[in-house]
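Beneath this line is the structure, given in structure tokens, with notes to follow.
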Amino acid sequence: MASILSLKDAVAEFVHDGDTVALEGFTHLIPFAAGHEIIRQKRRNLTLIRLTPDLIYDQMIGMGCASKMVFSWGGNPGVGSIHRFRDAVENQWPRPLEIEEHEHAGMAAAFAAGAANLPFGILRGYTGTELAGHTPVKFIECPFTGEQLAAVPALRPDVAIVHAQKADRRGNVWLWGVVGVQKEAVLASKCSIVTVEEIVDDLGAPMNAVILPGWVISAVCEVKGGAFPSYALGYYPRDNAFYKQWDSISKDRATFLEWMQRHVMETADFAEFRRSLEKRGQTILSPPVNL
Amino acid sequence: MVANSYTSDEMMTVAAARMVRNGTSCFVGIGLPSAAANLARLTHAPDTVLIYESGTIGAKPNVLPLSIGDGELAENADSVVSLVEIFYYWLMGGRIGLGFLGAAQIDRFGNLNSTVIGPYEKPKTRLPGAGGAPAIAASCGEVLVTLRHSPRAFVPKLDFVTTLGYGEGAGSRQKLRFPGKGPTAVISDLAILTPDPKTKELILTSVHPGVTADQVIAATGWPLKAAPEVQTTPPPTAIELSVLRDLNERTARAHAGQA
């Protein structure tokens, strides 16, 4: 049964050094607040899993939280590169980052296998690409037709962390819009934290809505705006200025570190982080640092 | 009516849009493919079904999305499904007619690299990676590739094979039992290349107005062969251009204040 906790307490209880952690979200409902809390609590040696690592994984990598990343597409969606990730892979800064990379279909299959408690996922994929030489994928023969198929080992993270629109007081969670692999990630993981825009008395969700029952979730935390600067459909659009400005903030190590120190390390929680950006009348971002 | 002045990016988008047949189900990515697919939907191909890999089926964005997670795609879609469903039932299930792909590098057989420049273990440039591309290239009925022409992009040998086009040439896809036909055209800012029906090597079949075959050959890193009769791509019509520019202006207005 889900406990309703503060995000700080949930991360302290469920995310440990050396854990395999999936902060999922397919460019929508990205759990930024939870990523920041992990950075604040200085978790180390994490294996980060996500199909589409973007700004929050860039921040976690640049702050030295991760020793490995499992992914299929890493970038700043619609903008360009994630520079801290690139610096880690190209120059081992701030520490070497082992990578295990897949294609989206393979990771989706691996999460579904994890959720189903099966040892591997199966798909037509990886064939003819050089990816196969750099991942744990193996090729097996269909016992019925003889067709060669790719097998990817199930993903079973220690912790899944996702952001959703609503929860009720018993910790049942409802998410909608682009829902990615969040359901599979939660069901594949040993424990899970869900941050939500609001906790309400009654979800009022329609039949067949994407619901994560409270009894499969470890902790539910109310964090308004917890997916900022990404989208939360029905609550806010993406703050595109942030995505664009991240490109220049993250390009330079010193600028990045100063920004993280000022806005994440020296703020107590996500609300304070948001306020730190709004200072000096800027609605969204603080003025570029070092300028 | 032919428009007087347009950019090479507009020519590229229009040329790609023209290849979308009405009624096709079309797997779309952000950027030029999204602009081209929507231009097609707003002009000659109103019944085109746009599918973004975030799981939005029958998306009808009024403005171009900032990313595949954009609410604009979800809210106007016929259905929004999970990633497992989009890749399993829709893409692997063989329900998508056309896929759009871009890349950092392409070779003469339409194989694509979006993983690294330089050696994999010690890359000079780490690129985003595969995303949905390998599955799109394998399973869509056919694939259109869009990228800007330069010898650094059109290379004799890929630094990394992320996505298979025609592999080592004719027969490669059949050997691997890929259901889709593979890349049927490469649309750049200079020209259109299409695979030779026998060898599957990409050859120059059409140059955009004002571009010479020699220019395209010089901008290609392998000795590019030209078709016996190289066509000239018809320039954007006034209607194509005005619909595309309206779309871009609407998009800029909608995202103003966020940019």
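Only the coordinates and a few stated rules stand behind these numbers; no lab work does. Please read all numbers here as calculations on a predicted model, not as lab measurements. Note: ideal-geometry Cβ built from the backbone for every residue, glycine included; neighbour counts use all protein chains shown.
Annotations for the structure displayed:
- Inter-probe distance in nm under a simple model that places probes 7 Å from Cα toward Cβ, at A:S276 and A:Q148: 5.2 nm
- Here region B:225-244 is scanned for amide nitrogen atoms under 19 Å from the site 7 Å beyond the Cα of B:D9 along Cα-to-Cβ, giving B:236-237, B:240-244.
- Stretch gain in nm, segment A:N208-A:R169, where the contour uses 0.36 nm per residue and the Cα spacing is subtracted: 12.0 nm
- Candidates A:A205, A:A113, A:A164, ranked by Gaussian network fluctuation over chain A, Cα under 10 Å, top entry: A:A205
- Projecting the Cα atoms of B:L73, A:S276, B:I217 onto the charge dipole of the protein assembly as shown, computed from C-beta unit charges around the Cα centre, puts B:I217 farthest toward the positive end.
- Counting only Cβ charges, +1 for Lys and Arg and -1 for Asp and Glu, the dipole size of the protein assembly as shown around its Cα centre is about 580 debye.
- Amide H contacts of A:M69 (H built 1.01 Å from N, in plane; Pro and chain starts excluded): A:L48, A:E98, A:I99, A:E100 sit under 5 Å, all sequence-distant by 5 or more or on other chains.
- Using only side-chain charges placed at the Cβ, +1 for Lys and Arg and -1 for Asp and Glu, the dipole size of chain B relative to its Cα centre rounds to 600 debye.
- Placing a pseudo-label 7 Å from each Cα along the Cα-to-Cβ vector at A:K138 and B:T212 gives an inter-label distance of 5.8 nm.
- When each of B:K124/B:K198; A:K42/A:K224; B:K60/B:K198 is checked by Cα-Cα distance, pairs over 26 Å: B:K124/B:K198; B:K60/B:K198
- Sorting A:R43, A:R170, B:R253 by the number of Cβ atoms found within 10 Å of their own Cβ, with the fewest placed first, yields B:R253, A:R170, A:R43.
- For chain B, averaging the sequence separation of C-alpha pairs within contact (under 8 Å, six or more residues apart) and dividing by the residue count gives a relative contact order of 20 percent.
- The fraction of Cα-Cα pairs per 10 angstrom bin, counted from 0 for chain B, comes to 7, 30, 36, 22, 4, 0 percent, rounded to whole percents.
- Fluctuation leader among B:T115, B:T48, B:T199 - chain B, Gaussian network, Cα springs under 10 angstrom: B:T199
- 5 angstrom amide H check on B:G99, placed H, neighbours 5+ away: B:F27, B:E142, B:V143, B:L144
- On the basis of the beta-carbon distance and an R0 of 45 Å, B:R152 and A:S6 show a calculated FRET efficiency of 0.35.
- Residue order, fewest to most beta carbons within 10 Å, for B:K200, A:K244, A:K251: A:K251, A:K244, B:K200
- Net dipole in debye of chain A [+1 Lys, Arg Cβ; -1 Asp, Glu Cβ; about Cα centre; nearest 20]: 420 debye
- Taking A:A151, A:A66, A:A34 as the candidate residues, the one with maximal mean-square fluctuation in a Gaussian network model of chain A, Cα springs under 10 Å, is A:A151.
- Straight-line cross-link partners of B:K200 among the lysines, defined as a Cα under 23 Å from its Cα and at least 8 positions apart when in the same chain: B:K157, B:K175, B:K181, B:K225.
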